[in-house]
Amino acid sequence: MQYQPTLSRAEMIELATKRYFGSVDAKDLPSTLACFHDDAMMTVQTSFTDHVGKEGIRRMFEDFFGAYETIVHKDFVCTVDEANGRIAASFEAVLTAADGRVTRLFNTNFWRLREGRFQTVHIYMSGENVLV
Amino acid sequence: MDKWQGGGSDQAALPYPFYVDIVTKRYFDGVDNKNLTQVLNCFTSDAVLTEATSNTVHEGRAAISAMFDKLFTDFEKIWHGNFVHVADPQSNAICSQFTVLITPNGGEELRYENCNRFYCKDRLFHRVTVYMSGDNLLQPGDA
């Protein structure tokens, strides 16, 4: 499925790294979910896990936010296909549990955008799936 | 000193089709047809290919050659398709999602849903990162 691109390169990078990951790191669930369409799908491809629709994505994030004391995503390298409304980014995720255990992942996300929000998100993780 | 940085903005942009074509018509066509020369011609001499899910690093064209030689020997059929690309001339990079159908010698066909990140230096792959949805198949060869 090809969607009409509506965001500029800078706007796509802003959406993926600031509005989305900024909200995730702040554990701001409404702002995180505002990045998704109601019928969006989020797939952790390296473990074949699907989170279907905004309610399925909400449930996953509620568990994710509860599982870690702090969540930090950083060192983004963005690849932007402005003409086709797609963006990918590599980054490091540093997840610290309440007991101090730290999980570090070097992941890559692929976002397909429709009308300025996420229609599909594919996540490729360097380690065990933390988005369950 | 080499100031090249993968996905950096200080690189010369090539036409959009170049990125899709080098990935599909040159690189993966070479892999699927076990054409080692065609595959290696896509890489710089000091390219690094990393399999991220197992943190396996193949450093330099000789190591990459040995890895592909082993892959071509161990698997009788290899197919890459169902591509979705994020091609970015401004950063001289392309990230691609795709399906892999691969059959070990005398074994059952395996299906993977993988992605690669390709960061080019001029017109060649300089850093490639592979994520696999199953066990790493890109094992070190006998260099």
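The values are calculated or read from the model by the stated rules, or taken from the named source; none is laboratory data. In this text, all values refer to a predicted model and were calculated from it rather than measured experimentally. Neighbour counts are summed over all protein chains in view; Cβ atoms, including those assigned to glycine, are modelled from backbone coordinates with ideal geometry. Ligands, DNA and RNA are stripped out before the accessible areas are found, and what is left, the full protein with its side chains, is counted by its heavy atoms. Shrake-Rupley method; radii C 1.70, N 1.55, O 1.52, S 1.80 Å.
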Taking the Cα atoms only, what angle lies between the long axis of helix A:53-67 and the longest principal axis of chain A, rounded to 10 degrees?
-> 30 degrees
On the accessible surface of the stretch A:9-124, probed at 1.4 Å, how many percent belong to carbon and sulfur atoms?
-> 50 percent
Chain A: D in µm²/s via Stokes-Einstein (Kirkwood Rh, Cα pairs, 10 °C, 1.306 mPa s)?
-> 107 µm²/s
Of A:Gly53, A:Ser23, A:Val121, whose Cα points farthest to the positive end of the dipole of the stretch A:9-124 (charges on the beta-carbon: +1 Lys, Arg; -1 Asp, Glu; origin at the Cα centre)?
-> A:Val121
For the protein assembly as shown, count all C-alpha to C-alpha pairs, find those more than 36 Å apart, and express that count as a whole percent of the total.
-> 15 percent
Comparing B:Leu49, B:Leu110, B:Leu40 in a Gaussian network model of chain B (Cα, 10 Å), the one with the largest mean-square fluctuation is B:Leu110
Counting other chain Cβ atoms within 10 Å of each Cβ in A:121-127 and taking the mean gives 5
Where in chain B lies the longest segment free of trypsin sites (Lys or Arg not before Pro) that are both loop residues by DSSP (not H, G, I, E, B) and have at most 12 other Cβ atoms within 10 Å?
-> B:4-122
Dipole of the protein assembly as shown, positive direction: furthest Cα of B:Ala63, B:Ser9, A:Ala40, with charges on the beta-carbon = B:Ser9
Neighbouring partner chain Cβ atoms per residue of B:90-102, average, 10 Å criterion = 3
Ratio for chain B, C-alpha Rg to 2.2 N^0.38 Å, reads 1.00
Mind grabbing the interface size between A and B? I mean buried accessible area, both sides, 1.4 Å probe, in Å² to the nearest hundred.
-> 1800 Å²
Rounded percent of accessible protein surface that carbon and sulfur make up, chain B, 1.4 Å probe | 47 percent
Restricting the stretch B:70-143 to GluC sites (Glu not before Pro) in coil, as DSSP defines it, with at most 13 other Cβ within 10 Å = B:Glu108, B:Glu109
B:Asn82/B:Asp10 FRET efficiency (R0 35 Å; Cβ-Cβ; nearest 0.05) = 0.55
From the cross-link list A:Lys54/B:Lys121; A:Lys74/B:Lys34; A:Lys54/B:Lys77; B:Lys70/B:Lys121; A:Lys74/B:Lys121, the entries with a Cα-Cα span beyond 32 Å are A:Lys54/B:Lys121; A:Lys74/B:Lys34; A:Lys54/B:Lys77
At R0 = 41 Å, FRET efficiency that the Cβ-Cβ distance of B:Asn41 and A:Glu14 yields, to 0.05 = 0.60
With N set to the residue count of the stretch A:20-75, report its C-alpha Rg divided by 2.2 N^0.38 Å to two decimal places.
-> 1.11
Reduction of at least 20 Å² in accessible surface, 1.4 Å probe, comparing all protein chains with the chain by itself, residues of the stretch B:1-47 | B:Tyr16
Shielding by partners for A:84-90, please: the mean number of other protein chain Cβ atoms within 10 Å of each residue's Cβ.
-> 6
Going 7 Å from the Cα of A:Asp75 in the Cα-to-Cβ direction, what parts of the stretch B:124-143 have a backbone nitrogen less than 15 Å from that spot?
-> B:129
Write down the accessible area per residue of the stretch A:9-124 in Å², having rolled a 1.4 Å probe over the full set of protein chains.
-> 41 Å²
Estimate the FRET efficiency between A:Asp38 and B:Glu108 by the formula 1/(1 + (r/R0)^6), using the beta-carbon distance for r and 30 Å for R0, to the nearest 0.05.
-> 0.15
Can you give me the Cα centroid spacing of the stretch B:67-137 and the stretch A:1-53 in angstrom?
-> 25 Å
Do any chymotrypsin sites (Phe, Trp or Tyr not before Pro) in the stretch A:26-86 lie in a loop, going by DSSP, with at most 11 other beta-carbon atoms within 10 Å of their beta carbon, and if so which?
-> A:Phe48
Do any residues of the stretch A:53-83 lose at least 10 Å² of accessible area when the full set of protein chains is present rather than just their chain alone, and if so which, with a 1.4 Å probe?
-> A:Val77, A:Cys78, A:Thr79, A:Val80, A:Asp81
Calc'd 3J(HN,Hα), the stretch B:91-101, phi into Karplus 6.51 cos²θ - 1.76 cosθ + 1.60 (θ = phi - 60°), Hz, glycine/Pro = x, comes to 9, 6, 9, 8, 10, 10, 9, 6, 9, 10, 10
Treating the beta-carbon of each Lys and Arg as +1 and of each Asp and Glu as -1, no other charges, what is the dipole magnitude of the protein assembly as shown about its Cα centre, to the nearest 20 debye?
-> 480 debye
